[in-house]
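Working notes for the structure below.
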Amino acid sequence: MRRARGRDTGQTATARELLLDVAERLMSERGYAATPVSAVCKAADVAVTSLYWHFGSKEGLLATVMERGAQRWFAALPRWEELSGDSDERTEVILRRGADAVAEHPVFLRLFYLLALEGADDEVAAELVQRVRGHATNYFRDLIAGMLTSEYGPELARAAAEELAPFAVAFSDGCFFATQLEPTLAQPRRMYADLAAALRALAPMAIARARHQERPPTQHGGPECPTNAPY
């Protein structure tokens with residue numbers, strides 16, 4: 001009896017993972033809206049009732065696909081505080097692994113960008129995209145703050161990171177599309193090395209703006225005029 005229950009549990013887990021794999025692949029090829037539940041179940045060779053039993057709805061299936069994909073994606077990216085070495089060494093490791101992650105998770109990333117395009121018409125998709133996007137922005141914010149802290153201090157580094165993180169995310173978007181549009185020419189590791197150089201080049205401007213914002217407001221109009229001035 002115990003062996004039978006264990007076998008049933010294993011089969012259930014296998015069916016669940018198969019549905020997730022098939023859904024991720026089909027949705028990344030066709031888009032979420034154009035991928036009906038019936039197509040996922042047919043490709044996975046499981047009953048439609050099995051999909052609803054595991055995920056409750058098509059929206060629940062998508063949410064689980066995205067959650068699993070995001071977990072895998074971010075698990076491949078090391079955290080600043082987890083690494084040893086100086087700022088340059090840590091930055092090199094993080095961006096090298098980031099470049100490798102782009103090459104290793106193309107199906108999830110294609111689905112992510114397709115959802116971003118569909119998001120204006122689908123509230124569920126839009127919310128999932130924003131959640132993953134927020135994680136990516138936070139990740140780059142921590143990276144940039146780590147890069148700049150030793151030179152500028154934690155407060156200015158964090159302020160500059162707030163400004164530069166969206167640029168880093170947009171650059172990363174471009175790296176992925178380059179690998180899809182020109183797979184034989186794109187060099188993710190080189191592109192991410194260029195990202196590090198770009199961030200360092202932009203840092204002084206971001207730091208200058210952060211310092212300017214820290215200054216107390218100044219009085220406009222020059223020295224205070226005496227009350228008996230004739231004008």
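The values are calculated or read from the model by the stated rules, or taken from the named source; none is laboratory data. Quantities reported herein were computed from a predicted structural model and do not represent experimental measurements. As a convention, Cβ positions derive from the backbone with ideal geometry for all residues, glycine included, and neighbour counts pool all protein chains shown.
Report yes if VAL22 is of a type in the set (Val, Ile, Thr) and in contact (Cβ under 8 Å) with a residue 12 or more places away in the chain, otherwise no. Against the criterion (of a type in the set (Val, Ile, Thr) and in contact (Cβ under 8 Å) with a residue 12 or more places away in the chain), VAL22 qualifies.
Among the residues making up segment 146-155, a single one is without any contact (Cβ under 8 Å) to a residue 60 or more places away in the chain and in contact with an Asp or Glu (Cβ under 9 Å, 6 or more places away or on another chain): GLU155.
Being farther than 17 Å from PRO204 by Cα and either modelled with pLDDT of 95 or more or buried (at least 17 other Cβ atoms within 10 Å of the Cβ) (or both) is a description that does not apply to ARG158. Note on segment 177-207: among residues that are part of a helix (DSSP H, G or I) and β-branched (Val, Ile, Thr), the one that is nearest to ARG158 (Cα to Cα) is ILE207.
Checked against the criterion of being aliphatic (A, V, I, L, M), free of Cβ contacts under 8 Å to residues at least 60 places away in the same chain and buried (at least 16 other Cβ atoms within 10 Å of the Cβ), the candidates ALA126, ALA101 yield just one match: ALA101. Answer with yes or no whether ARG158 is touching a residue at least 40 places away in the same chain (Cβ under 8 Å) and either in contact with a Lys or Arg (Cβ under 7 Å, 6 or more places away or on another chain) or closer than 19 Å to ASP86 by Cα (or both). Considered against the rule, which asks whether it is touching a residue at least 40 places away in the same chain (Cβ under 8 Å) and either in contact with a Lys or Arg (Cβ under 7 Å, 6 or more places away or on another chain) or closer than 19 Å to ASP86 by Cα (or both), ARG158 comes out as no. Do the conditions hold for GLY134, that is, is it exposed (fewer than 15 other Cβ atoms within 10 Å of the Cβ) and part of a helix (DSSP H, G or I)? Spelling it out, GLY134 is indeed exposed (fewer than 15 other Cβ atoms within 10 Å of the Cβ) and part of a helix (DSSP H, G or I). Among the helices (runs of 4 or more DSSP H) confined to segment 1-94, the ones with at least 3 residues that are touching a His at 6+ places or on another chain (Cβ under 8 Å), under 18 Å from ALA116 (Cα atoms) and at pLDDT below 95 are located at 58-75.
Every test in (1) under 22 Å from LEU195 (Cα atoms); (2) surrounded by fewer than 16 Cβ atoms within 10 Å (Cβ to Cβ); (3) of a type outside the set (Val, Ile, Thr) is passed by PHE112 save one, and that test is (2). Of the residues PHE74, PHE55, the single one that is crowded, with 18+ Cβ neighbours inside 10 Å and not hydroxyl-bearing (Ser, Thr, Tyr) is PHE55.
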